[in-house]
Amino acid sequence: MSKTPRAAKVTVERPGFIPGQFTLRLDTANSPLAARNFARLAEAGFFDGLEIHRMVPGFVVQDGDPQGDGKGGPGYMIRDEITPSLFLAGTLGMASSGKDTAGSQWFITLTPQFHLNGRYTPFGHVVQNLPGVVSLLLPGDRVVRIEVYEGDGTEELPPPESL
(Lines give C-alpha, C1' and ligand atoms only; values in the text may rest on other atoms or scores of the structure.)
Protein backbone atom coordinates (compact mmCIF):
# COMPACT_ATOMS: atom_id res chain seq x y z
CA MET A 1 0.00 0.00 0.00
CA SER A 2 1.28 3.44 -0.83
CA LYS A 3 1.88 6.26 1.61
CA THR A 4 -0.77 8.35 -0.17
CA PRO A 5 -3.86 9.06 1.91
CA ARG A 6 -6.07 6.00 2.24
CA ALA A 7 -9.57 6.03 3.57
CA ALA A 8 -12.43 3.62 4.09
CA LYS A 9 -16.18 4.05 3.90
CA VAL A 10 -17.96 1.74 6.34
CA THR A 11 -21.64 0.94 5.80
CA VAL A 12 -23.50 -0.54 8.77
CA GLU A 13 -27.06 -1.73 9.24
CA ARG A 14 -29.57 -2.56 11.93
CA PRO A 15 -32.87 -4.28 11.12
CA GLY A 16 -35.68 -1.75 10.83
CA PHE A 17 -33.37 1.24 10.35
CA ILE A 18 -31.87 3.03 7.36
CA PRO A 19 -28.21 1.93 6.90
CA GLY A 20 -25.59 4.33 8.21
CA GLN A 21 -22.11 5.20 7.01
CA PHE A 22 -18.93 6.60 8.46
CA THR A 23 -15.47 7.20 7.07
CA LEU A 24 -12.04 6.34 8.37
CA ARG A 25 -8.66 7.81 7.51
CA LEU A 26 -5.99 5.10 7.68
CA ASP A 27 -2.61 6.08 9.11
CA THR A 28 -0.35 4.56 6.47
CA ALA A 29 2.63 6.63 7.63
CA ASN A 30 2.83 5.58 11.30
CA SER A 31 1.12 2.17 11.14
CA PRO A 32 1.63 0.83 7.62
CA LEU A 33 1.33 -2.85 8.55
CA ALA A 34 -1.99 -2.46 10.41
CA ALA A 35 -3.41 -0.09 7.78
CA ARG A 36 -2.40 -2.43 4.94
CA ASN A 37 -3.78 -5.48 6.78
CA PHE A 38 -7.14 -3.75 7.39
CA ALA A 39 -7.33 -2.56 3.78
CA ARG A 40 -6.53 -6.01 2.36
CA LEU A 41 -9.12 -7.70 4.56
CA ALA A 42 -11.72 -5.08 3.61
CA GLU A 43 -10.95 -5.39 -0.09
CA ALA A 44 -11.33 -9.20 0.19
CA GLY A 45 -14.78 -8.75 1.81
CA PHE A 46 -13.63 -10.26 5.12
CA PHE A 47 -15.64 -7.79 7.21
CA ASP A 48 -18.81 -7.92 5.08
CA GLY A 49 -21.73 -9.17 7.17
CA LEU A 50 -19.83 -9.39 10.47
CA GLU A 51 -21.70 -8.32 13.58
CA ILE A 52 -20.47 -5.65 15.93
CA HIS A 53 -19.57 -7.97 18.80
CA ARG A 54 -18.66 -5.43 21.46
CA MET A 55 -19.85 -1.98 22.45
CA VAL A 56 -18.99 -0.47 25.80
CA PRO A 57 -20.63 2.98 26.21
CA GLY A 58 -18.05 5.71 26.65
CA PHE A 59 -15.23 3.30 25.75
CA VAL A 60 -15.18 1.37 22.43
CA VAL A 61 -17.13 -0.27 19.64
CA GLN A 62 -15.44 -3.37 18.17
CA ASP A 63 -15.76 -5.53 15.06
CA GLY A 64 -13.72 -7.85 12.88
CA ASP A 65 -14.34 -11.18 14.62
CA PRO A 66 -15.77 -13.86 12.30
CA GLN A 67 -16.67 -15.98 15.35
CA GLY A 68 -18.56 -13.12 17.02
CA ASP A 69 -17.24 -13.87 20.52
CA GLY A 70 -14.14 -11.66 20.61
CA LYS A 71 -11.76 -14.59 20.04
CA GLY A 72 -11.79 -15.00 16.24
CA GLY A 73 -9.44 -13.74 13.60
CA PRO A 74 -8.19 -14.19 10.05
CA GLY A 75 -5.95 -17.19 10.79
CA TYR A 76 -2.73 -15.20 11.20
CA MET A 77 -1.31 -12.50 13.48
CA ILE A 78 0.53 -9.26 12.79
CA ARG A 79 3.09 -7.47 14.90
CA ASP A 80 2.21 -4.43 16.97
CA GLU A 81 3.08 -0.96 15.72
CA ILE A 82 3.28 1.20 18.81
CA THR A 83 3.33 4.84 17.75
CA PRO A 84 3.20 8.25 19.43
CA SER A 85 -0.42 8.62 18.24
CA LEU A 86 -2.91 8.96 21.10
CA PHE A 87 -6.17 7.11 21.59
CA LEU A 88 -8.56 10.05 21.38
CA ALA A 89 -12.29 9.90 20.62
CA GLY A 90 -12.63 8.27 17.21
CA THR A 91 -9.23 6.56 17.10
CA LEU A 92 -9.16 3.32 15.09
CA GLY A 93 -7.10 0.63 16.80
CA MET A 94 -6.15 -3.02 16.45
CA ALA A 95 -7.53 -5.32 19.15
CA SER A 96 -5.16 -7.96 20.46
CA SER A 97 -4.81 -10.44 23.28
CA GLY A 98 -1.14 -9.72 23.92
CA LYS A 99 2.06 -8.70 22.17
CA ASP A 100 1.95 -9.21 18.39
CA THR A 101 -1.41 -11.06 18.38
CA ALA A 102 -3.55 -8.66 16.32
CA GLY A 103 -5.24 -9.94 13.18
CA SER A 104 -8.62 -8.69 12.06
CA GLN A 105 -10.37 -7.26 15.10
CA TRP A 106 -10.51 -3.48 15.13
CA PHE A 107 -12.05 -0.99 17.51
CA ILE A 108 -12.98 2.67 17.62
CA THR A 109 -12.63 4.60 20.85
CA LEU A 110 -15.71 6.63 21.76
CA THR A 111 -13.89 8.92 24.19
CA PRO A 112 -10.18 9.52 24.94
CA GLN A 113 -8.62 6.31 26.31
CA PHE A 114 -5.10 7.20 27.31
CA HIS A 115 -4.53 3.89 29.12
CA LEU A 116 -4.45 2.25 25.64
CA ASN A 117 -1.51 4.40 24.51
CA GLY A 118 1.62 2.31 24.03
CA ARG A 119 -0.35 -0.94 24.44
CA TYR A 120 -2.35 -1.17 21.21
CA THR A 121 -1.75 -0.12 17.61
CA PRO A 122 -3.61 3.05 16.57
CA PHE A 123 -3.90 2.99 12.77
CA GLY A 124 -6.44 5.63 11.84
CA HIS A 125 -9.40 7.66 12.98
CA VAL A 126 -13.02 8.38 12.21
CA VAL A 127 -13.40 11.41 9.95
CA GLN A 128 -17.18 11.49 9.45
CA ASN A 129 -20.08 10.42 11.67
CA LEU A 130 -18.45 9.54 15.00
CA PRO A 131 -21.48 11.05 16.72
CA GLY A 132 -24.60 9.94 14.93
CA VAL A 133 -23.46 6.58 13.55
CA VAL A 134 -20.41 5.12 15.33
CA SER A 135 -21.53 6.18 18.81
CA LEU A 136 -24.95 4.57 18.24
CA LEU A 137 -23.69 1.14 17.14
CA LEU A 138 -24.86 -1.82 19.20
CA PRO A 139 -23.87 -5.47 19.41
CA GLY A 140 -25.68 -7.28 16.61
CA ASP A 141 -25.50 -4.37 14.15
CA ARG A 142 -23.80 -5.54 10.97
CA VAL A 143 -21.04 -4.18 8.81
CA VAL A 144 -22.51 -4.35 5.31
CA ARG A 145 -19.30 -3.40 3.54
CA ILE A 146 -16.00 -1.58 4.03
CA GLU A 147 -14.77 0.13 0.87
CA VAL A 148 -11.14 1.27 0.86
CA TYR A 149 -10.16 4.07 -1.52
CA GLU A 150 -7.56 6.74 -2.20
CA GLY A 151 -8.70 9.78 -0.25
CA ASP A 152 -8.70 11.24 3.22
CA GLY A 153 -12.20 10.40 4.46
CA THR A 154 -13.67 13.85 3.93
CA GLU A 155 -15.38 12.89 0.67
CA GLU A 156 -19.13 13.49 0.71
CA LEU A 157 -21.27 10.55 1.77
CA PRO A 158 -24.57 9.86 0.01
CA PRO A 159 -27.74 10.81 1.89
CA PRO A 160 -29.11 7.91 4.01
CA GLU A 161 -32.17 7.47 1.78
CA SER A 162 -29.97 6.52 -1.19
CA LEU A 163 -28.01 3.75 0.56
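The values are calculated or read from the model by the stated rules, or taken from the named source; none is laboratory data. Computed from a prediction, not measured in an experiment: that's the story for all the values here. So basically every Cβ, Gly included, is an ideal-geometry build from the backbone, and we count neighbours across all protein chains shown. Just so you know, the surface numbers come from the protein's heavy atoms only, side chains and all, with ligands and any DNA or RNA stripped out. Shrake-Rupley method; radii C 1.70, N 1.55, O 1.52, S 1.80 Å.
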Pick out, from F47, P74, T154, the residue whose Cα sits farthest towards the positive end of the charge dipole of the stretch 10-163, with +1 on the Cβ of Lys and Arg and -1 on the Cβ of Asp and Glu. P74
Return the loop-located trypsin sites (Lys or Arg not before Pro) in the stretch 110-163 (DSSP other than H, G, I, E, B) with at most 16 other Cβ atoms within 10 Å of their own Cβ; answer none if there are none. R119
proj_area_mean for the chain (convex hull on C-alpha atoms), units nm², value 8.6
The stretch 4-94 - percent of accessible surface contributed by carbon and sulfur, probe 1.4 Å: 55
In debye, nearest 20: dipole of the chain around its Cα centre with unit charges on the Cβ of K, R (+) and D, E (-)? 400
List the residues whose amide H sits under 5 Å from the amide H of T121, counting only those 5 or more places along or on another chain, with H placed 1.01 Å from N in the peptide plane. E81, M94
Separation of the L138 and T154 label points, Cα + 7 Å toward Cβ, nm: 3.5
All other residues with a Cβ under 14 Å from the Cβ of L88 taken together, and with Lys, Arg as +1 and Asp, Glu as -1, what is their net charge? 0
Kindly report the accessible area of the chain per residue (heavy atoms of protein chains, probe 1.4 Å, no ligands, DNA or RNA), in Å². 47
Between G73 and residues 5 or more places away or on another chain, the pairs with built amide H atoms under 5 Å apart involve Q67
When only DSSP loop residues count, what chymotrypsin sites (Phe, Trp or Tyr not before Pro) in the stretch 1-110 have their Cβ near at most 11 other Cβ atoms within 10 Å? F17, Y76
Farthest positive-ward along the stretch 6-163 dipole, Cα basis, beta-carbon charges - from V10, F114, N30: F114
Would you mind finding the longest exposed-site-free stretch of the chain, with exposed GluC sites (Glu not before Pro) meaning DSSP loop and at most 16 other Cβ atoms within 10 Å? 1-154
Along the stretch 107-118, Karplus-curve 3J(HN,Hα) (6.51, -1.76, 1.60; θ = phi - 60°) to the nearest Hz, with x for Gly and Pro, reads 9, 10, 6, 8, 9, x, 9, 5, 5, 8, 4, x
First check a/c for the stretch 98-163, with a ≥ b ≥ c the square roots of the eigenvalues of its C-alpha gyration tensor; if it is under 1.5, answer rounded, and if not, answer prolate when a/b is larger than b/c or oblate otherwise. prolate
As a test of understanding, state the convex hull volume per residue of the stretch 1-51 from its alpha carbons, in Å³. 76
Grab the Cα-Cα distance for F59 and T83, subtract it from 0.36 nm times how many residues apart they are, and report the gain in nm with one decimal. 6.6 nm
Volume per residue that the Cα convex hull of the stretch 58-154 spans, once the total is divided by residue count, Å³: 118
Between V127 and residues 5 or more places away or on another chain, which pairs have amide H atoms under 5 Å apart, with H built 1.01 Å from N, and which residues are they? T23, L24, R25
